[in-house]
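All remarks here apply to the structure that follows.
The values are calculated or read from the model by the stated rules, or taken from the named source; none is laboratory data. Worth saying up front: this structure is predicted, and the values here are computed from it rather than measured. Glycine gets a Cβ as well: all are built from the backbone with ideal geometry, and neighbour counts include every protein chain shown. Note: areas computed on protein heavy atoms with side chains; ligands, DNA, RNA excluded. Shrake-Rupley method; radii C 1.70, N 1.55, O 1.52, S 1.80 Å.
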Amino acid sequence: MLADIRLVAAKDLRIEWRSRVTLSQVVPFALLVLVLFGFALDANRPVLDAATSGLYWVTVLFVGVMSVQRATAIETTDGARRALLLAGVEPAAVFLGKAVAVALQLLFVEVVLVGGVIVLFDASIESLPLLTATCLVASVGIAAAGTLLGALVAGVRARETVLPILLLPVLAPVLIGATRAFDDALGTVAVDGWAWLGLLAGFGAINTVLGALAYGVLLEET
Amino acid sequence: MQEINHTGSRTTRLLGAAVIVGLVALVLLGWFVAPEDDDQQDAVRMIFVHVPSAIWTYIAFVTTAIGSVMWLVRRSVWWDTVAAAAAEIGVLFCGLTLFTGSVWGRPTWNTYWDWGDVRLVTTLILFLMMIGYLSVRSLGGPESATATRAAIVGVMAAAILPIVNRSVEWWENNTLHQKSSLTDGNLEDMTLFTLVVGLIVWGLFFWWAILHRFRIAWLEREIRSSDLDRALVERRAEGEPGASPLEERV
């Protein structure tokens, strides 16, 4: 099982590395969103300071939608999904492998974005462990929910528009929890960020279990 | 097949009549009999729509979740159709709940929307999730695939909702929303009575709408499968000697 997960994750990451979509499109897009937020709010510096963690995570959610769409497209072109089924890899392993790949890409973008908010929004890191833990746990939740819903809409024509409608409301707790934890980690609001990590972990756990259970049904039937 | 050109039956007609009578009674009770509130004045009458539609919204979405599980576990077409019907009516009621709530909030809280309120924000996210559910329903493709997709979204919404609720509750603790109006014992007798009437009337409407929506969905399914059967018969007939249009042309 672990070997299969690693195999699928490595496959997705290799495709990503060779096509350079994350590097050449997703990262610039994420920075662009930050710049746009800056344009929208910069006239009012205190507002931008107070909203930094929220803007950061809204950007990450957009990136999450993009990454999931990309991960889904890899499987739908050339009937790769069917090949994956025929390969005899356990569907739960396929799900976990793909989720790991999406999570790693998200983490990469998140690191770049942290640099972005430090430079552009003048943010300062008060607690690096909390910041790191939040990014890790939130990425797992986004990747798990995204991979499941990505597979769900994989076979349909309108998938580009349906995916955000499905995914963004589901990710509402991640936005709330991660923003609060970041408020603490960046020292903008005095809250207990570690308590919010528990909620993010719960979200990640539920979606990982749901995804591992449902992925097989989706692969076979849709 | 028996010709069907409506989805009514004795039960739904009785239900429908009861809904009309009930609504008239509710309007009369709500406007003229129930007293106005000391603080909220006439705005309090909104609860005769708001509270029942909120309660029936949750019943609808629980029904959708159960139907989704039953489809995934037992492949029950009946339950899948129930889940779809309940989701549609649930979205309608949920929209009504949000609308009446914010209309009521304006004179009472002096704002249409309060972000610090757990129930408000949770209900809005639920509403958005269920709109997603309905859009998955309308994606097209093979019926069993649509049912499976929708069922997973239904289960996911049910699983995420407690977390959404928690997160919003921790997010801001200062809530404007009333505690349960039904159980806190502060309502006037006539107000409480009218509210119970409202619950029953909206419940009757809920079941009336669900029954019709279920039957429409079921008939749509029947039409699709009967089209398939007819096409199969036609293709088979083509294979019989002398029946082929090609041979006729020769």
* Selection from segment B:37-61 of residues that are within 15 Å of residue B:122 (Cα to Cα) and either of a type in the set (Phe, Trp, Tyr) or not in a helix (DSSP H, G or I) (or both) -> B:58, B:61
* To do: Test residue B:80 against the criterion of being buried (at least 16 other Cβ atoms within 10 Å of the Cβ), of a type outside the set (A, V, I, L, M) and out of contact with any strand residue (DSSP E or B) (no Cβ under 7 Å at 6 or more places or on another chain), and give yes or no.
  => yes
* State yes or no: is residue A:73 closer than 23 Å to residue A:158 by Cα and assigned to a helix (DSSP H, G or I)? => yes
* To do: Using the structure shown, decide if residue A:130 is open to solvent by 10 Å² or more (accessible area, probe 1.4 Å), of a type outside the set (Ser, Thr, Tyr) and either more than 12 Å from every other protein chain (Cβ to nearest Cβ) or closer than 23 Å to residue A:37 by Cβ (or both).
  => no
* Being touching a His at 6+ places or on another chain (Cβ under 9 Å) and open to solvent by less than 40 Å² (accessible area, probe 1.4 Å) is the filter; apply it to segment B:117-145 and report the residue that is modelled with the highest pLDDT. => B:120
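Listed here are the residues, each with its yes/no results for (1) open to solvent by 30 Å² or more (accessible area, probe 1.4 Å); (2) in contact (Cβ under 8 Å) with a residue 40 or more places away in the chain; (3) farther than 28 Å from residue B:219 by Cα; (4) of a type in the set (Asp, Glu).
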residue: B:17; (1), (2), (3), (4): yes, no, no, no
residue: B:27; (1), (2), (3), (4): yes, no, yes, no
residue: B:56; (1), (2), (3), (4): yes, yes, no, no
residue: B:90; (1), (2), (3), (4): no, yes, no, no
* Among the candidates A:171, A:148, which residue alone is crowded, with 18+ Cβ neighbours inside 10 Å, under 14 Å from residue A:71 (Cβ atoms), touching a Leu at 6+ places or on another chain (Cβ under 8 Å) and within 14 Å of chain B (Cβ to nearest Cβ)? -> A:148
* Candidates A:190, A:185 - the one that is at pLDDT below 85 and either more than 8 Å from chain B (Cβ to nearest Cβ) or surrounded by fewer than 18 Cβ atoms within 10 Å (Cβ to Cβ) (or both) -> A:190
* Restricting the search to segment A:79-113, which residues are closer than 22 Å to residue A:198 by Cα and surrounded by 14 or more Cβ atoms within 10 Å (Cβ to Cβ)? -> A:96, A:99, A:100, A:102, A:103, A:104, A:106, A:107, A:110
* Structure fact -> Condition set touching a Leu at 6+ places or on another chain (Cβ under 7 Å) and in a helix (DSSP H, G or I), scope segment A:118-135, selection farthest from residue A:14 (Cα to Cα): answer is A:120
